[in-house]
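Inspection log for the structure reproduced underneath, given as structure tokens.
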Amino acid sequence: MKVTAVLFEGFETLDMFGPVEMLGASGEFSVEYFAPEGGVVRSYQGVPVVAEPLSEAGEPEVLLVPGGMGVYAMLEDEAFIARIAELSAQAQYVLSVCNGAFIYAKAGVLDGRRATTYKARMDRAESMFPDVKWERSARWTVDGKFYVSSGVSAGTDMALGFIADVCGVECAEKTARYAEYTWNADPANDPFAC
């Protein structure tokens, strides 16, 4: 399956590349990177990634949006939010990590759905987006096609949970073993709960 990964200046490195590592290592997914204008986009930690213009993204099978400090500027970009809403409607699966959930919430696609986010931003999430059913105790949530993880490293667990749902638990376990990663396979097992 093709993953459309959306980047922006100041994205959190592990939010994107934890899930990308697992999705790629599973052998079941390929990843393409897009950003609002394309070109080189840098993570909050300064990692440069070359991306295509978001306008050129085709209909995604899997849409992946990370969080990071750059999220807050993107919430003010109406064209970007409209494009995310459009891609979310087209995608078979919609994934987010950390406060990347704010982007989907701003696009209105999480209204009435269960979701979680970075615990240090949960109060802000609840006040900004009261129509989302925010869960304070969840490593990640699944509501229909929406997979939404809490902070940073939780995205890696969520990606493996997604792989388990789509490709089978054996595939997810094999991928975790390959990566020498201890997978928290229970989305309700949240040691960082509010």
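Test Lys106 against the criterion of being farther than 15 Å from Cys194 by Cα, surrounded by fewer than 20 Cβ atoms within 10 Å (Cβ to Cβ), at pLDDT 95 or above and of a type in the set (Lys, Arg), and give yes or no.
no
Contact list please: Cβ distance under 9 Å, first residue in segment 158-169 and farther than 19 Å from Gly67 by Cα, second residue among the charged types (D, E, K, R), pairs at least six apart or on different chains.
Partner pairs satisfying both residue conditions: Ile163/Glu28; Ala164/Glu170; Ala164/Glu173; Val166/Glu28; Cys167/Glu28.
How about segment 1-74: which strands (runs of 3 or more DSSP E) wholly inside it have at least 3 residues that are closer than 15 Å to Tyr104 by Cβ?
Hits in segment 1-74: 2-6, 62-65.
For Pro36, state whether it is touching a residue at least 24 places away in the same chain (Cβ under 8 Å), surrounded by 21 or more Cβ atoms within 10 Å (Cβ to Cβ) and either farther than 19 Å from Val142 by Cα or not polar (S, T, N, Q) (or both).
On the way: touching a residue at least 24 places away in the same chain (Cβ under 8 Å): yes; surrounded by 21 or more Cβ atoms within 10 Å (Cβ to Cβ): no; either farther than 19 Å from Val142 by Cα or not polar (S, T, N, Q) (or both): yes.
Considered against the rule, which asks whether it is touching a residue at least 24 places away in the same chain (Cβ under 8 Å), surrounded by 21 or more Cβ atoms within 10 Å (Cβ to Cβ) and either farther than 19 Å from Val142 by Cα or not polar (S, T, N, Q) (or both), Pro36 comes out as no.
Given the structure, is Phe102 more than 12 Å from the chain's Cα centre (by Cα) and among the aromatic types (Phe, Trp, Tyr)?
no
So Ala120 fits all but one of (1) surrounded by 19 or more Cβ atoms within 10 Å (Cβ to Cβ); (2) within 19 Å of Pro191 (Cβ to Cβ); what number is the exception?
For Ala120, the exception is condition (1).
Taking interchain pairs and intrachain pairs at least six residues apart, which have beta carbon atoms under 6 angstrom, with the first residue in segment 68-83 and modelled with pLDDT of 95 or more and the second among the aromatic types (Phe, Trp, Tyr) and outside any helix (DSSP H, G or I)?
Qualifying pairs under 6 Å: Gly68/Phe11; Gly68/Tyr44; Met69/Tyr44; Gly70/Phe8; Gly70/Phe11; Met74/Phe8.
Sort out which residues of segment 84-129 are closer than 17 Å to Leu14 by Cα, assigned to a strand (DSSP E or B) and without any contact (Cβ under 8 Å) to a residue 60 or more places away in the chain, and write them in order of number.
Across segment 84-129, the qualifying residue is only Ser96.
The values are calculated or read from the model by the stated rules, or taken from the named source; none is laboratory data. Fair warning: this is a prediction, and the values are worked out from it, not measured in the lab. Cβ coordinates were reconstructed from backbone atoms using ideal geometry, including for glycine residues, and neighbour counts include every protein chain displayed.
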